[in-house]
Structure formats: structure tokens, C-alpha cells
Amino acid sequence: MSLTLKPRHKRLAIIIGGLIAVVLAVVLILNALNSNIALFVTPSEVAAGKAPQGQAFRIGGMVKEQSVRRDGLTVHFVITDMVKDISVAYTGILPDLFKEGKGAVAQGRLDANGQFVASEVLAKHDENYMPPEAKHALEQAQKNGSKP
């Protein structure tokens, strides 16, 4: 008993196999993109509970004056949008330009206690530059914070 396919069935099998390969490729690409996407959230949004749970995101604003505290290799500081403050813990070497009163963006996750644990911290690179996300966050927070 030989199993031979008609040409019509062979074409159908090739088309179905090609569609499965395309769907698999799209699923893998979307999965890779999803794991690398970090949404930007303002400190006011984090305080309002609008931060993504269990997912990495970015938070930006100004590093609050006199908030930087070192505990061994871990640095604790506060990022503010001048309306709400969020405490951040970061273990690692901070950028040279990281300073109190200057703009910064941190990428990480909220832990079980609600503290933001950063895996990466970015700082401004010249006197006039502020990360656009941090600048926008400050403007939005001040605009929304001034409303009654």
C-alpha cells in the first residue's frame, strides 16, 4: 500500500506548513519584543497604582535632593515628578553624571513591598539635557498636580 499524495494535496500541505512556520515566527518575534519593551511611567502614575505589575518598566523624573543613601553596593534614592515621590533601590555602579537635583530614568520593577528596584539607571549627559521621558513626566505631573 503506497501513500502517494495528489499534486493538489501536496500544494495544500506546503501552504499549511508555510502558514504554521509564519505564525510560529510571528509568535516568537512578539514574545521577544514583549520581553524587551519597557513602558515609561511617571512617579505620579506609580503612586496611583497605574504601574504594570510583574513587568519591567521605566520611571523618570528628578533625583530628590538629599535622598541618595548608600548601603554597601546598593544605592537608595528618590525620583520625583515634583508631585509624587518614588523610592528606588539600585545595586551597581551609577553613571558618573548621576546627581541629586538632576534628571534620571531608572528601569526595573516594583517589589512586593512597593519599592522600585532598578536594574539600570540613566542620567543626563550635559547641562541642558534632560531625558525626554523625564521632562515630559515632570510637565505632565505638574500640569495634573496643579488641578484641584
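Of note:
- Nearest-ten-degree value, helix 132-145 long axis tilted from longest Cα axis of the chain: 60
- For the chain: lysine pairs under 20 Å (alpha-carbon distance), excluding those fewer than 8 apart on one chain: 23
- Taking amide H as placed 1.01 Å from N in the peptide plane, the amide H of G61 sits under 5 Å from that of A104, each at least 5 places away or on another chain.
- Across region 46-52, coupling constants 3J(HN,Hα) worked out from phi with the 6.51/-1.76/1.60 Karplus curve, θ = phi - 60°, read 5, 5, 7, x, 8, 6, x Hz, and Gly and Pro carry x.
- Packing here is the average count of other Cβ atoms within 10 Å per residue, and on that basis the peptides 38-51, 101-114, highest first, run 38-51, 101-114.
- The H on the amide N of L94, modeled in the peptide plane, is under 5 Å from the matching H of no residue at least 5 residues off or on a different chain.
- Charge dipole (Cα centre; +1 on Lys/Arg Cβ, -1 on Asp/Glu Cβ; no other charges) of region 1-80 amounts to roughly 580 debye.
- Percent accessible area from carbon and sulfur atoms, the chain, protein chains only, probe 1.4 Å: 58
- Shape analysis of the chain yields a ratio of the Cα radius of gyration to the Kirkwood radius, Rg/Rh, of 1.31.
- Rg/Rg_ref, region 26-66, where Rg_ref = 2.2 N^0.38 Å and atoms are Cα: 1.50
- For region 107-122, Karplus couplings with θ = phi - 60° (6.51, -1.76, 1.60), whole Hz, Gly/Pro x: 10, x, 9, 7, 8, 5, 8, x, 8, 7, 9, 8, 9, 8, 10, 10
- Under-5 Å amide H pairs with S119, H placed in peptide plane, nonlocal only: Q107, G108, R109
- Note that the chain presents 68 Å² accessible area per residue, ligands and nucleic acids not counted, probe 1.4 Å.
- In order through region 10-15: 3J(HN,Hα) via Karplus (6.51 cos²θ - 1.76 cosθ + 1.60), integer Hz, x for Gly, Pro: 4, 4, 4, 5, 5, 5
The values are calculated or read from the model by the stated rules, or taken from the named source; none is laboratory data. Here the structure is a predicted model, which is why all the values come from computation and not from measurement. Methodologically, a virtual Cβ is constructed for each residue, glycine included, from the backbone with ideal geometry; neighbour enumeration extends over all protein chains shown. Areas reflect the complete protein model, heavy atoms only, side chains present, ligands, DNA and RNA absent. Shrake-Rupley method; radii C 1.70, N 1.55, O 1.52, S 1.80 Å.
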